[in-house]
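Okay, structure first, notes after.
The values are calculated or read from the model by the stated rules, or taken from the named source; none is laboratory data. Predicted model, so just to flag it, every value in this text is computed and none were measured. Here the Cβ positions follow ideal geometry from the backbone for every residue, glycine too, while neighbour counts run over all protein chains shown. Note: areas computed on protein heavy atoms with side chains; ligands, DNA, RNA excluded. Shrake-Rupley method; radii C 1.70, N 1.55, O 1.52, S 1.80 Å.
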Amino acid sequence: MTQEEKDVLRQMLPVWSNMTDKKSREAYILTTVATKIQQMNLQQFGLEVISRDKKAKTLWDKRLQVRCIL
């Protein structure tokens, strides 16, 4: 995880922390946080890239799983 990605997570942590249920937290991660992280890495994990590059998609999916666990 890059420092820039960590900074994004730090900025979004207060909103995430104030959510009361697990579903809302997971939705926030998948729709807001993951999207922002993906936009920071468009050349490697942009939607066009992962739609045609199986290795990139697999790597993005693994990164996303790790972030959802954290």
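Before moving on, here are some points about what is shown:
- The chain - mean residue ellipticity at 222 nm from DSSP helices (-39,500 (n - 2.57) per run, n ≥ 4, rounded to 500): -22500 deg cm²/dmol
- For the chain, accessible area per residue (1.4 Å probe, heavy atoms of protein chains only), Å²: 77 Å²
- Angle in degrees between helix 54-69 and the longest Cα principal axis of the chain, rounded to the nearest 10: 10 degrees
- Taking the longest Cα principal axis of the chain as reference, the axis of helix 3-17 is set at about 40 degrees.
- Taking the protein heavy atoms of the chain in the context of the full set of protein chains, the accessible area attributed to carbon and sulfur is 56 percent at 1.4 Å.
- For the chain, the spherically averaged projection of the C-alpha convex hull amounts to 4.6 nm².
- Placing +1 on the Cβ of every Lys and Arg and -1 on the Cβ of every Asp and Glu, with nothing else charged, gives the chain a dipole about its Cα centre of roughly 220 debye.
- Fully extended contour minus Cα-Cα distance, from Thr32 to Glu4, at 0.36 nm per residue: 8.5 nm
- Look at the alpha carbon pairs under 8 Å that are at least 6 residues apart: their mean separation over the length of the chain gives a relative contact order of 23 percent.
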